[in-house]
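The values are calculated or read from the model by the stated rules, or taken from the named source; none is laboratory data. Every value quoted in this text rests on a predicted model; they were computed, and no experiment measured them. No Cβ is skipped: glycine too gets one built from the backbone with ideal geometry, and neighbour counts run over all protein chains shown. These area figures cover heavy atoms from the full protein model, side chains too; ligands, DNA and RNA do not enter into them. Shrake-Rupley method; radii C 1.70, N 1.55, O 1.52, S 1.80 Å.
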Amino acid sequence: MEWTIIAAGFFMAWSIGANDSAKAVGIAVGSEILNFKRAVFLIGVFSLLGAFLGSSNVAHTVGSNIVPDFDISYIPFALLASALAVTFASLRGLPISTTQSIIGAIVGIGIYQGANVNWDVVLKITMAWVVSPIVAAILSILVFAIYGRIINYISKIYEIEVLYRWMIILSSAYASFNLGANELSNVVGLLKYSTSIEDNTLKMILVLALFFGALTFSYDVLMTIGRNLTQLDPLTGFSAQFGSALAVTSANIIGLPVSSGQAIIGGIIGLGLLKGQKISKRLTLNIVKGWILAPLVSCLLTLLFIKIFSVLLMPF
């Protein structure tokens, strides 16, 4: 059973790399400041640091606060359901919320067991999902205003270009750190309470899976974030990236598993509206639909997988 749980966790971490990595480096790749391979390398390094140095509050919330007494034998089904939902979205190039998928799957376990789902915690997390894009948009606008003033004092074009380049790279590194500290912590939170593998070894396995997901399957979602939603100049891209990362970090500190994808989309749209740029309404609508469907689909798939497995094991 333990290795079944680890295999499902590996698949989930791979799907996080395939989808959520776009939220960390999509702007850098879309603006051609980093090429794809260098962006993936940056993700690998800083998500590793995030997994080891980031707050453990998110892992604790996911692992024990939502459904305190769930049966660990159901964890593979929850991870499989979440990973399939995220992989399907990645095939369509949509930045779905892996956090929402995992939370929906955990609630599915609680419903199937008839366990005491902590709906107060679920409500707080749901409210954080609604608020985080708004907070990210506000923070992104503030960052844009502050750094816009700083850049106005620089007269040499070369110096501005170098500054833009490093601003984007550093904000992508920060967002990649959050990828390990927030999104990957959702998986760590499920596995650390249900396996005997040492915590650091578990994190290394999951970061490796995330890295392979980013390397093999993330390009289409990268383009959605970096180019297809709206046109981003370097300052706008940096501001959206940095502002959304600040919003996710704030949630990490208080232990709320929010979506970095929702945050970066909120930052991009907020700045796009501020600057009067054209935003793809159709793509935005599809992304929002994905946010709504992600926890519901994961919850239903988890219930379906557990039910099928239970029927297969029934004595004839």
Computed from the beta carbon distance with a Förster radius of 41 Å, FRET efficiency for Ser73 and Tyr153 to the nearest 0.05 stands at 0.10
Heavy-atom accessible area per residue - region 164-316, 1.4 Å, Å² = 43 Å²
What is the diffusion coefficient of the chain in µm²/s, taking the Kirkwood radius over Cα pairs and the Stokes-Einstein relation at 20 °C with a viscosity of 1.002 mPa s?
-> 111 µm²/s
Cα extents of region 88-180 along the principal axes, largest first, in whole Å, come to 65, 29, 22
How long are the three semi-axes of the equivalent ellipsoid of region 160-262, in whole Å, if each is the root of 5 times an eigenvalue of the C-alpha gyration tensor, listed from largest down?
-> 28, 16, 12
Given a 1.4 Å probe and every protein chain left where it sits, what share in percent of the accessible area of region 1-119 is carbon and sulfur?
-> 62 percent
Solvent-accessible area per residue for region 105-156 at a 1.4 Å probe radius, Å²?
-> 59 Å²
Which FRET efficiency value, to the nearest 0.05, do you get for Thr4 and Leu274 by plugging their Cβ-Cβ distance into 1/(1 + (r/R0)^6) with R0 = 45 Å?
-> 0.40
Over region 1-115: Rg over Rh, Cα atoms, Kirkwood Rh | 1.02
Contour excess over end-to-end distance, with Cα ends at Leu91 and Lys37 and 0.36 nm allotted per residue | 17.5 nm
When a/c is below 1.5 the answer is rounded, else prolate if a/b is larger than b/c, else oblate, so apply that to region 106-235 with a ≥ b ≥ c taken from the square roots of the Cα gyration tensor eigenvalues.
-> prolate
What is the dipole size for the chain, taken about its Cα centre, with +1 at each Lys and Arg Cβ and -1 at each Asp and Glu Cβ, in debye to the nearest 20?
-> 880 debye
Go through Val221, Gly266, Val288 and say which Cα lies farthest out towards the positive end of the charge dipole of region 201-316; charges sit on Cβ, +1 for Lys and Arg, -1 for Asp and Glu.
-> Val288
Please sort through the DSSP H helices of the chain and keep those with an alpha-carbon extent of at least 15 Å along the long axis and a Kyte-Doolittle average not below 0.5.
-> 2-19, 36-53, 75-91, 98-113, 119-152, 157-178, 199-217, 234-254, 260-275, 281-312
Positive-end extreme of charge dipole, the chain - chosen from Ile125, Leu235, Leu304 (charges on Cβ) | Leu235
Using the beta-carbon distance between Ile308 and Ile254 and R0 = 30 Å, what value does 1/(1 + (r/R0)^6) give for FRET efficiency, to the nearest 0.05?
-> 0.20
Cross-link partners among aspartates and glutamates for Lys23, C-alpha distance below 13 Å, same-chain residues fewer than 8 apart left out?
-> Glu183, Asp220
Top to bottom by accessible area (1.4 Å), largest first, where do Tyr158, Tyr147, Tyr153 land?
-> Tyr153, Tyr158, Tyr147
When you have a sec, figure out the Kirkwood radius of region 218-310 from all distinct Cα pair distances and drop it here in Å to one decimal?
-> 15.0 Å
Report the one residue of Ile168, Ala137, Ile154 whose Cα lies farthest in the direction of the positive end of the charge dipole of region 128-198 (charges on C-beta: Lys and Arg +1, Asp and Glu -1; origin at the Cα centre).
-> Ile154
Cα Rg over Rh - region 138-186, Kirkwood | 1.13
Using a probe of 1.4 angstrom, how much of the accessible area of region 214-316 is carbon and sulfur, in percent?
-> 72 percent
Whole-number percent relative contact order across the chain, with pairs defined as alpha carbons under 8 Å at least 6 apart = 39 percent
